[in-house]
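Taking it in order: structure first as structure tokens, then the write-up.
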């Protein structure tokens, strides 16, 4: 087990999402005037150790001061991730079906991957993942949403981009492991929204991105 010095723990990726606006809430007293917005709330971390070192993920156990006492929580340490909502010239979105062992299902998802290359910006990682998983490059990129996937049990932050202006990648990527048998399918946005609302797809990132794109269009 590895320990880290006591102190306040907050990553740059998380801090970039959070602000403390005028009129912000205080614990137990939510603001009524300010726009709905997450807020940073640093605490004193008294002890932080790797409780379990895994093949892919580590589980960290932290003891921290909160209110008038102390709490202990365990969570999955995550390097962060990116995903891409790809829209082609026929206004279809790209979905990828891939096996996910924890749930033993083949989920329909977006092209996505980890921020596991040292110092690689999220946009560059998204471009890399699109080429690796779909053999595509895109000319136009814009942020769509940024989200915490499971903040009660993981510190993961995922950046979802919207990509258009597609062309084939210079070379096809040699995929392996669970990516070796992925299935690519282009679907109309309305079909993807219907699949979400009917409960036929369950990947949270896919669902959030599809609904965000639908809301974005409906608002003009």
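Checked against the criteria, residue 130 does not count as crowded, with 21+ Cβ neighbours inside 10 Å, in contact with a strand residue (DSSP E or B) (Cβ under 9 Å, 6 or more places away or on another chain), within 26 Å of residue 48 (Cβ to Cβ) and not assigned by TED's automatic domain parsing to the domain that holds residue 40.
Screening the range 94-199 for strands (runs of 3 or more DSSP E) wholly inside it with 2 or more residues that are within 20 Å of residue 217 (Cα to Cα) returns the ranges 136-148, 157-168, 183-188. For the range 55-78, the condition of being surrounded by fewer than 15 Cβ atoms within 10 Å (Cβ to Cβ), more than 30 Å from residue 183 (Cβ to Cβ), in contact with a helix residue (DSSP H, G or I) (Cβ under 9 Å, 6 or more places away or on another chain) and not assigned by TED's automatic domain parsing to the domain that holds residue 141 holds for none of the residues. So, in the range 168-191, of the ones that are more than 22 Å from residue 209 (Cα to Cα) and touching a strand residue (DSSP E or B) at 6+ places or on another chain (Cβ under 9 Å), which residue ends up surrounded by the most Cβ atoms within 10 Å (Cβ to Cβ)? Among them, the one singled out is 169. Does residue 136 qualify as being more than 14 Å from residue 203 (Cβ to Cβ), in contact with a helix residue (DSSP H, G or I) (Cβ under 6 Å, 6 or more places away or on another chain) and outside the structural domain of residue 38 (by TED's automatic domain parsing)? Against the criterion (more than 14 Å from residue 203 (Cβ to Cβ), in contact with a helix residue (DSSP H, G or I) (Cβ under 6 Å, 6 or more places away or on another chain) and outside the structural domain of residue 38 (by TED's automatic domain parsing)), residue 136 qualifies.
The values are calculated or read from the model by the stated rules, or taken from the named source; none is laboratory data. In this text the structure is predicted, and so the values were computed from the model without any measurement. In this analysis, Cβ positions are derived from the backbone assuming ideal geometry, glycine residues included, and neighbour counts consider all displayed protein chains.
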